[in-house]
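First the structure, in the form of structure tokens, and then the observations on it.
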Amino acid sequence: MRPDNKHFTGPSVMHGGAKTGSSAVETEKDADEIGGRTNNESEEEEEEDAYSDDDDYLSGGSDSDEGPQTHESLKRTGMLKKFFVIFDSLSVEDLNDAERQWHCPACHGGPGAIDWYKGLQPLIAHARTKGSQRVKLHRTFANVLDEELRRRGTSAVSAGESFGQWEGLKQETKDHDIIWPPMVVIMNTVLDKDDNDKWLGMGNQELLDMFKGYAAVRAKHSYGPMGHRGFSVLIFESSAVGYLEAERLHKQFIGQGTGRSAWESPRRALFYPGGLRQLYGFLARKDDLDEFNRHCQGKSALKYEVRSYQEMVVGPIKQMSDDNQQLLWFKNKSAKDQRQKKALEESFNVVTEKLRQTMEQNRIVRQRTVMQHEENKEEMDFQEQFFKDQIQKIHDATNAKEDHFEKLLQEERKKIEDFRRRAEEVTKDKKLQEEEIEKFLAEREQLTEKHGEKRMEMKKKHWEEELSLEKEFDNALTELMKKYTPRPIDGPGNA
């Protein structure tokens, strides 16, 4: 709360500030400094502001889908926020001060931004009558300010002070009773007498067909001792729309001079020239329906209620108007959601197509890799078989040599056996040869073992080189896949 000082320096033009007395010049200076733009900038943007969207000013630039706003949320949105922050800090006496001057927050940045309004009533009048720029914003500001004053227990007009040059209704329109469901009385619906001297008249469907443009739901006729009484009613839907349809028919009869007053006139004409009967119609009243039911008892009597016009018609119509506004808001929101959904679907389709292409490319790469691997495997199998064949040939040749050598040894053994009984010298030679054979066999065994060891080392070295080659190929393929992996695409929802 500020001190009660009429020389209080108000806030900027942007915030809808107030000033009193001699502080006007100082407030103007503060307004230009705090407002965030120069007069030249305001003039440059005047044309743009003239066509700007009021919803942007009300929402403060946010894209909100929270639904219709409440009074408190409107006070805290857009260009009105700081005005009501200062407004809430003032006492009722300060608000009713007729010397206090105000800027209009809805005019900020455009024509009228520097205008002062002495008292709240001229400010509200300006907001209600603004007709060229930011009209919706001005009307919203006026409504919120009126409601805020009402909640504070005051009004924009001080005691003993009047504004304006016109006077409206002295009081609200009084309520009145209506028949429910809505009904229109149709008179002169008889036709002719039958052989029993009783009156015949129009049928239910015939009456509905005659007035089918007025959406009546049912028709009923009154009968008495003499037959058809020429007294019928059209019954409409039990709703505000049904009542409006009944009232429209009622006014149509009045417009062509065949309403209640014409029927009750002693000069009423029952026939057109040429013999056609003239129908009369008017909204039903309680006494009309009592007369209609005069010869009806129990279930045959026409059922109705006497209800309040404000309750059954005015209130539902206002509710329908509110519901229509709600429906329009939801339709707009649904359209916006549909547009967002469509954009997301299009983005999703693009991403899906790119993903499909990437998967297809990966499949082709994998297929080519498998084919290359198979080709390499076939080549390695062929080379392995070739070397095996060469080794086998060597083994076969070695075995043949050993067999031949074994035959030679056997022949030598036989010769030694033949000459065993020879001289001692021959025996010594035999022993010497046997020792040489044993040494040969021992050295051959050692040579075979060394050959096997060298062969195992060669195979081990070969498989280690093959394993190193496979690892090198796998690492190179991984780097290649990373290089050509597609980057994620940002959709509208990720912006």
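The values are calculated or read from the model by the stated rules, or taken from the named source; none is laboratory data. Please read all numbers here as calculations on a predicted model, not as lab measurements. Ideal geometry is used to build each Cβ from the backbone, glycine not excepted, and the neighbour counts take in all protein chains shown.
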- Item | Unmet requirement for ARG268, which otherwise passes all of (1) touching a residue at least 12 places away in the same chain (Cβ under 8 Å); (2) within 56 Å of the chain's Cα centre (by Cα); (3) part of a loop (DSSP other than H, G, I, E, B) | (2)
- Message: I need every pair where a residue in the range 428-451 that is under 15 Å from LEU409 (Cα atoms) and assigned by TED's automatic domain parsing to the domain that holds GLU411 has its Cβ under 6 Å from the Cβ of a residue that is surrounded by 10 or more Cβ atoms within 10 Å (Cβ to Cβ) and not aromatic (Phe, Trp, Tyr), sequence separation at least 6 or different chains.
- Response: LYS430/ILE416
- Item | Residue satisfying condition, being under 30 Å from LYS354 (Cβ atoms), modelled with pLDDT of 85 or more and in the same structural domain as GLN338 (by TED's automatic domain parsing), within set ALA476, ALA400 | ALA476
- Query: What is the number of the single condition among (1) part of a helix (DSSP H, G or I); (2) surrounded by 13 or more Cβ atoms within 10 Å (Cβ to Cβ) that ARG307 does not meet?
  - Reply: (1)
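Rundown of residues vs (1) assigned by TED's automatic domain parsing to the domain that holds LYS331; (2) over 34 Å from the mean Cα position of the chain (by Cα); (3) at pLDDT 80 or above, yes/no style:
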site	(1), (2), (3)
PRO68	no, no, no
PHE83	no, no, yes
ASP88	no, yes, yes
PRO105	no, no, yes
PRO122	no, yes, yes
ARG139	no, no, yes
SER162	no, yes, no
- Scanning the range 403-416 for residues that are surrounded by 12 or more Cβ atoms within 10 Å (Cβ to Cβ) and modelled with pLDDT of 85 or more, which turns out nearest to the chain's Cα centre (by Cα)? PHE405
- Query: Limited to the range 294-311, what total is found for residues that are closer than 15 Å to HIS221 by Cβ and without any contact (Cβ under 8 Å) to a residue 24 or more places away in the chain?
  - Reply: 2
- Task: Would you please name the residue that is farthest from the chain's Cα centre (by Cα), looking only at residues in the range 191-240 that are of a type in the set (Gly, Ala, Ser) and outside any strand (DSSP E or B)?
- Result: GLY203
- Message: Which numbered condition in (1) loosely packed, with under 12 Cβ neighbours inside 10 Å; (2) not in a loop (DSSP other than H, G, I, E, B) is the only one that GLY315 fails?
- Response: (1)
- Message: One residue is enough: does the range 417-425 have a residue meeting the conditions without any contact (Cβ under 8 Å) to a residue 40 or more places away in the chain, surrounded by 11 or more Cβ atoms within 10 Å (Cβ to Cβ) and in a helix (DSSP H, G or I)?
- Response: no
- Message: For the range 290-304, give me the residue count where each residue is at negative phi and either in a helix (DSSP H, G or I) or among the acidic types (Asp, Glu) (or both).
- Response: 5
- Task: Kindly list the number of the only condition in (1) touching a helix residue (DSSP H, G or I) at 6+ places or on another chain (Cβ under 8 Å); (2) at pLDDT below 90 that fails for SER265.
- Result: (1)
- Message: Please determine whether any residue of the range 371-379 is within 60 Å of the chain's Cα centre (by Cα), part of a helix (DSSP H, G or I) and among the hydrophobic types (A, V, I, L, M, F, W, C).
- Response: yes
- Message: Let me spell it out: the conditions are (1) out of contact with any His (no Cβ under 6 Å at 6 or more places or on another chain); (2) modelled with pLDDT of 85 or more; (3) within 18 Å of VAL185 (Cα to Cα), and ALA343 meets all of them except one. Which number is the exception?
- Response: (3)
